[in-house]
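Some notes on the structure that comes next.
The values are calculated or read from the model by the stated rules, or taken from the named source; none is laboratory data. Keep in mind that this is a model prediction, so the values were computed, not measured. Reconstructed Cβ throughout: ideal geometry from the backbone, glycine too, with neighbour counts over all protein chains shown. These area figures cover heavy atoms from the full protein model, side chains too; ligands, DNA and RNA do not enter into them. Shrake-Rupley method; radii C 1.70, N 1.55, O 1.52, S 1.80 Å.
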Amino acid sequence: MALHLAHGTWAVSWRLPGLSEGERIAYIHRWSNRLLTLLQIRVQVHGISPGVSPPNHLLLANHISWLDIFVLNAVTVSQFVAKSEIRNWPLVGRLCCGARTLFIERERRKDTARVNGAILNSLQRGECVAIFPEGTTSDGASILPFRSSLLQAAIDASATIQPVYLRYTNGQGERCGAAAYIDEISFGESLWRVLGHRGLTVELSFLAPFPAGESDRRTLTQFVQSRIQAAHQAFETGHCVH
């Protein structure tokens, strides 16, 4: 694990900048899958994923752990939008910086406009972008309110929006908080907790995609949140939804 993380931090600084876009995506995809293998985390995909690098595509997912980024990249490689604090997280921050993550200072309104512009440029270039609209991590027991400020770019780019529901479970298929990155826990403590947990599975549910269309961003946000909330309730009660 240490060697893999070390190689990843080296690669984002020295190898990725020299690769073509296709090679960069392939490397991130392989590295993320290898990370989950080393952590003995099984990925279970529900629904139909959009592929490794769908063009002009926006993924909107609930947020539980620092692992979420690598879990999603193990299936669909995206440019992530994340809170600026992640830039200072040990190792993960370095890896995210090298993978061209867009960091946003949510307290500054002007920064929202800057990041929306960057998202729009990425979508128009045919890239896939991923956002955690809750704006923070949770323990996975509930879905936090979604923020709508970063969805304008999807409307302006006429992008395809796809809700994604993330859920970590134990060996018995029950929701598990071992991966939750909350309550001021350090990265080292979180990693140790994940390494020490046997049978950890992440269920990744790709819900039906839809065009951004001409709806306003608040309506889109409410619709996506209702879809992910419905998926959460369905999985909690044992009834899968797509």
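I'd like the full set of residues that are touching a helix residue (DSSP H, G or I) at 6+ places or on another chain (Cβ under 6 Å) and among the polar types (S, T, N, Q), limited to region 184-207. If the condition is that a residue be touching a helix residue (DSSP H, G or I) at 6+ places or on another chain (Cβ under 6 Å) and among the polar types (S, T, N, Q), then S205 is the only one that fits.
Within region 123-166, the residues that satisfy the criterion of being open to solvent by 20 Å² or more (accessible area, probe 1.4 Å), touching a helix residue (DSSP H, G or I) at 6+ places or on another chain (Cβ under 7 Å) and not in a loop (DSSP other than H, G, I, E, B) are Q152, I155, D156.
A quick yes/no check of all residues on (1) in contact with a helix residue (DSSP H, G or I) (Cβ under 7 Å, 6 or more places away or on another chain); (2) open to solvent by 30 Å² or more (accessible area, probe 1.4 Å); (3) at pLDDT 90 or above; (4) not in a loop (DSSP other than H, G, I, E, B):
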| position | (1), (2), (3), (4) |
| --- | --- |
| T76 | no, no, yes, no |
| A82 | yes, no, no, yes |
| I86 | yes, no, no, yes |
| R94 | yes, yes, no, yes |
| C97 | yes, yes, no, yes |
| R100 | no, yes, no, no |
| R106 | no, yes, no, no |
| K110 | no, yes, no, yes |
| V115 | no, no, yes, yes |
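All of (1) modelled with pLDDT under 95; (2) part of a helix (DSSP H, G or I); (3) more than 19 Å from G188 (Cα to Cα); (4) not hydroxyl-bearing (S, T, Y) hold for L72 with one exception: (1).
Mind checking which residues of region 187-242 are of a type in the set (A, V, I, L, M), under 29 Å from G93 (Cα atoms) and open to solvent by 10 Å² or more (accessible area, probe 1.4 Å)? Show your work before the answer.
Kept after step one, since they are of a type in the set (A, V, I, L, M), are these residues of region 187-242: 191, 194-195, 200, 202, 204, 207-208, 212, 220, 224, 228, 230-231, 234, 241.
The next check asks that each one be under 29 Å from G93 (Cα atoms); those that pass are 191, 194-195, 200, 202, 204, 207, 224, 228.
Passing the criteria: L191, L195.
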